[in-house]
Amino acid sequence: GDIAAASRDTSQALQLLAEPDLAAAPGIQRLHEMCVTLQGHLRMHEGTPQYDPAAALQHFQLALAIAQADNRSEIDAAPSQHRLVSGSSGSKLDVTSSLSNIGQAELHLGHYAQAETHLRQVIEGSVVPERLCGAHGNLGSVFRQQGRWLQAMEHWQEALRQARMAGEG
């Protein structure tokens, strides 16, 4: 129902974004990255016909590539204003969001080593409590799947701490 309709709508939006006269418009890369990310999220809903974490992973990897390319072009245009993209406001696309999504999809696929790598990158590169909460929670789940209970508990506790910080902000 709603997920299928949203998937069709985002596919149509991506077709429009590919039109040559739109491709160079200001902010279009952000919109493109958002639509691709949405398509990934729509494939992460367990229990729906659209559930396909492998397809979601591909969408999240594309969103990361879009964000990285957009950030590189922005750095080339104004190298003196370059700063790490870590969830702070600004015109650069936040790569930690894509890395978090990739880690979550890898967790669903059972690719625990890759999930751990990407989720640790989020933890090292973000200052946003909501993003840190999700990364620590997912990393705790990675460790739980591997039987690493103490590490799982540590990350779940940190996720809870970050959730509380997010609620205060």
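The values are calculated or read from the model by the stated rules, or taken from the named source; none is laboratory data. For clarity, every value in this text was computed on a predicted model and none was experimentally measured. Reconstructed Cβ throughout: ideal geometry from the backbone, glycine too, with neighbour counts over all protein chains shown. Protein only, heavy atoms only, side chains kept; ligands, DNA and RNA dropped before computing areas. Shrake-Rupley method; radii C 1.70, N 1.55, O 1.52, S 1.80 Å.
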For this session: Enumerate the pairs (first residue in the stretch 138-155 and over 25 Å from Ser98 (Cβ atoms) and open to solvent by 90 Å² or more (accessible area, probe 1.4 Å); second residue anywhere and among the charged types (D, E, K, R) and not in a helix (DSSP H, G or I)) with beta-carbon separation below 7 Å, excluding pairs fewer than 6 apart on the same chain, so at least 6 apart or on different chains.
Result: none
Exercise. So, of the residues in the stretch 15-71 that are within 23 Å of Leu109 (Cβ to Cβ) and of a type in the set (Gly, Ala, Ser), which turns out to be surrounded by the fewest Cβ atoms within 10 Å (Cβ to Cβ)?
Worked result: Gly47
Problem set entry | Where a residue in the stretch 50-66 is touching a residue at least 24 places away in the same chain (Cβ under 8 Å) and within 19 Å of Arg8 (Cβ to Cβ) and its partner, wherever it lies, is open to solvent by 20 Å² or more (accessible area, probe 1.4 Å) and part of a loop (DSSP other than H, G, I, E, B), with Cβ under 6 Å and at least six apart | Gln50/Arg43; Ala56/Arg43; Ala56/Met44
Problem set entry | Filter result (crowded, with 20+ Cβ neighbours inside 10 Å and polar (S, T, N, Q)) within the stretch 109-132 | Ser126
Problem set entry | Positions within the stretch 1-14 being open to solvent by 40 Å² or more (accessible area, probe 1.4 Å), closer than 16 Å to Ala56 by Cα and among the small types (Gly, Ala, Ser), in sequence order | Ser11
For this session: Sort out which residues of the stretch 110-128 are modelled with pLDDT of 95 or more, of a type in the set (Val, Ile, Thr) and more than 13 Å from the chain's Cα centre (by Cα), and write them in order of number.
Result: Thr117
